[in-house]
There are 2 protein chains.
Amino acid sequence: MKAGIFHVPYMRPERKGKETFDWSMRCAVEADKVGFSDFMVGEHATQAWENVPSPEIVIGAAAYLTERIRFAPMAHLLPLHLPGSLAIQIGWLSQVLEGRYFLGVGTGAYGRDAMLRGQPEDLSEAHPRTMEALEVIRKIWKREPFEFEGEFYEAAFPDVHAEGVPGVDSSEGEEVHTMSDFTPWDGPQGPEIAVTGLSRNSPSLKWAGENGFTPISFFGGSALQSSHWDTYAAAAEANGHQTDRANFKVCRDIFIADTDAEAKRRAVDGALGYCWQKYLIPIYKRFGIFEGYLADSGTGITAGEVDMDFLAEHVWLCGSPETVVKKLEDTVERAGGFGTVCMNTHDSIDDPEPWFESMRRLATEVAPKVAISASTTA
Amino acid sequence: MKAGIFHVPYMRPERKGKETFDWSMRCAVEADKVGFSDFMVGEHATQAWENVPSPEIVIGAAAYLTERIRFAPMAHLLPLHLPGSLAIQIGWLSQVLEGRYFLGVGTGAYGRDAMLRGQPEDLSEAHPRTMEALEVIRKIWKREPFEFEGEFYEAAFPDVHAEGVPGVDSSEGEEVHTMSDFTPWDGPQGPEIAVTGLSRNSPSLKWAGENGFTPISFFGGSALQSSHWDTYAAAAEANGHQTDRANFKVCRDIFIADTDAEAKRRAVDGALGYCWQKYLIPIYKRFGIFEGYLADSGTGITAGEVDMDFLAEHVWLCGSPETVVKKLEDTVERAGGFGTVCMNTHDSIDDPEPWFESMRRLATEVAPKVAISASTTA
């Protein structure tokens, strides 16, 4: 199994922009150094606890500081950009990263994000805008002339070889007004596209399967993870796309230290525990996300009874390297195999070393020891 | 006088994205080290010779590598972005740079840039879109509730203190769904805004004056530079904005070496000469930009007779430090004072050291020796 990073990032709301940015760089550099495969960066304009609005800026900055790790916005929220501008930015950034770029796409989940762009806060336009924007983006990557007039967007691409097109006429010099070629590094078909799923029967993972995109599951218990794969795989197979559990990524909260007791102490008392108390427990309760964990736990308690002990034991992958290997193997047994375990980042600015130690242990002592598929689910 | 950088950047069209990006980082780091005040980055989606489409990515990456220099997109082309998204990105990036950010805004000059975004290639929407987009951006920076419905854009801002607004209701925990605060570092009024002018009676410099923005002149002879200031200053004074020539920036092509002969040799044989031969001479001829230089030169030649000798003597600021000081003083005498001489960057990837030497000499041996205002124009 490979180890990835999902840099949501969960940050204390009082952090300054520079603190969040510098922390992003430190996490990316450390992840690259110790062998993480992927570094994915969220895009949120209105959530103080998840406060990077422009993942492309974090990715570009980290590109210059790293050598091996792959980056992705996870996700560019397609309704919130002009598709022509986003197509060019993605194409160029993928060129800068020369193969170390893939592309998360999403519709957005927050009404306020939509409001800022003059779209309905009930997100009723988010899905159709996403579909149309992706169509435009992929047309632009092909660098062939077209004119598009959709429900939400218009776009066109010039004939770059034509004489007499404004700005293209090259009569006064061979290279004057040559058009830039921001075709993605991977070619006109574009980079690998990835999509995250949270819910049961996730429409986004069905969409991923239909289009041959990479599926990413936010873990919410083994039954949910299993359903994420099944939803994706059924759609993929129905549309002639091969599936491979090695390409399936699952995002988790993780803390690893020398012993179970030390890991739990550091997790509960540190950034992970703070974020869960202040931000994630209320959200998990509100949206019923604990249900899958409660079912897995066999404890018989209810969401109202969830405490830090429960989180450390049943929600987070928390413990010594041996314990976390065992927990991951259990998940593979119960939920089926996956190729990359992705660690959500937390705001450990005030005490970074235990966090980086946990990262190192995941990449070097845990993930490599876990088989992608259990014998029963291979 | 201060020294600035205008990173157009002029790049050979065959450069790969990573080459342009890495060169951008080297230029920014060097400029910061030797004391340049500003580093401005162009935004061009369709010009192979000026091929950074996303200045914010270059700025974010360079932010992490530098300490003192200020950055600006020069310019974000406002019609080519969703204003809500751009407002947030600018606010956040200005926070990351903690005072080292200012904002260039423009309408865009290339029809193909507009086509990609589904706008008329005759740029007939560029001006009204720019006005409307800036209005929306400045509203969002204020972080007060509004609903805007314009000719081109819609946007809204929620009441961040309201209960019951989707995603804002905080009944389940104090910090849950707190809204991010991407107010610019400088405050709700936003960062310093700068505008470039190229033409006589420049409408953009008139607009700059009316609004108290910072004026930037692309040099095209002393009469044009003089008219740029006059256009700006008349509009500023008519609208109650104070003017100060110390805030006026002028962009030039510059090459400095130990002697005049060495500077000319390096300039003509290097990146500067190559770019002028392949790209800028045809453009300057087509748009009549040489006229102002020809008038200043007193040579009596025509644009058709412009050669490398003429460029080195009359168009570029080329020579020993003493010669370039003298040329700058001459310009101040003829055209009036200005506060920053900005060096356009050229693609010296294949032989960087003479280029960096020229940069160092401008910042340390030339600009500090030039008075901002001549006695006759003070």
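The values are calculated or read from the model by the stated rules, or taken from the named source; none is laboratory data. Everything numeric in this text was worked out from a predicted model, so none of it was measured. Here Cβ is always computed from backbone atoms with ideal geometry, including for glycine, and neighbour counts include all displayed protein chains. Areas reflect the complete protein model, heavy atoms only, side chains present, ligands, DNA and RNA absent. Shrake-Rupley method; radii C 1.70, N 1.55, O 1.52, S 1.80 Å.
Things to note:
- Measuring between their Cα centroids, the stretch B:214-239 and the stretch A:311-362 lie 60 Å from each other.
- Across the identical copies, how the B:Glu333 labels are spaced - nm, sorted shortest first, 7 Å along Cα→Cβ: 9.0
- Two-decimal Rg to Rh for the stretch A:50-155 - Kirkwood Rh, Cα set: 0.99
- Electrostatic bookkeeping for A:His314 treats Lys and Arg as +1 and Asp and Glu as -1; over the other residues with beta carbon under 10 Å from its beta carbon, the sum is -2.
- Computed FRET value (nearest 0.05) for A:Glu210 with B:Ile301, which takes r as the C-beta separation and R₀ as 60 Å: 0.35
- Basic side chains Lys and Arg get +1 at the Cβ, acidic Asp and Glu get -1 at the Cβ, and with that the dipole of the stretch B:1-101 about its Cα centre reaches some 140 debye.
- Across the stretch B:80-104, the residues whose backbone nitrogen lies under 20 Å from the label position 7 Å along the beta-carbon direction of B:Glu135 are B:80-88.
- Percent of C-alpha pairs per 5 Å bin, the stretch A:319-376, short to long: 4, 19, 26, 22, 14, 8, 4, 1, 0
- Shielding by partners - mean other protein chain Cβ count within 10 Å, residues of B:176-188: 5
- One compactness figure for chain A is 1.03, namely its Cα radius of gyration divided by 2.2 N^0.38 Å.
- Here A:Lys369 sits with roughly 130 square angstrom of accessible surface, probe radius 1.4 Å.
- Rounded percent of accessible protein surface that carbon and sulfur make up, the stretch B:244-349, 1.4 Å probe: 46 percent
- Per-selection Rg to Rh, the protein assembly as shown - Cα, Kirkwood hydrodynamic radius: 1.00
- Taking the axis that rotates chain B onto chain A, the chain B residue nearest to it by Cβ, with the distance rounded to whole Å, is B:Ala61, 2.
- Fraction of beta bridges assigned by DSSP in the protein assembly as shown that are antiparallel (%, nearest 5): 10 percent
- Inter-chain neighbour count for A:118-126: the average number of beta-carbon atoms from partner chains within 10 Å of each residue's beta-carbon is 3.
- Chymotrypsin sites (Phe, Trp or Tyr not before Pro) lying in DSSP loop within the stretch A:282-378, provided at most 12 other Cβ fall within 10 Å: A:Phe287
- Percentage, to the nearest whole number, of Cα pairs in the stretch A:220-378 over 19 Å apart: 56 percent
- Sites matching GluC sites (Glu not before Pro) across the stretch B:82-145 that sit in DSSP coil, with at most 11 neighbouring C-beta atoms within 10 Å: none
- With a threshold of 30 Å on the Cα-Cα distance, the over-threshold entries among B:Lys206/B:Lys278; A:Lys18/B:Lys249; A:Lys33/A:Lys142 are B:Lys206/B:Lys278; A:Lys33/A:Lys142.
- When A:Phe146 is represented by a point 7 angstrom out along its Cα-to-C-beta vector, the spacings to that point in the other copies are 3.6 nm, nearest first.
- Computed with every protein chain present, the accessible area of A:Met131 is close to 60 Å² [probe 1.4 Å].
- For a label point 7 Å along the Cα-to-beta-carbon line of B:Ala109, residues of the stretch B:282-322 with backbone N under 16 Å: B:282-293
- Estimated dipole of the protein assembly as shown in Debye, rounded to 20 [Cβ of Lys and Arg +1, of Asp and Glu -1, Cα centre]: 860 debye
- Dividing the helix sum by the residues of chain A, where each DSSP H run of 4 or more adds -39500 (n - 2.57), gives a mean residue ellipticity at 222 nm of -11500 deg cm²/dmol.
- On full extension, the segment bounded by A:Lys142 and A:His241 gains 33.5 nm, given 0.36 nm per residue less the C-alpha separation.
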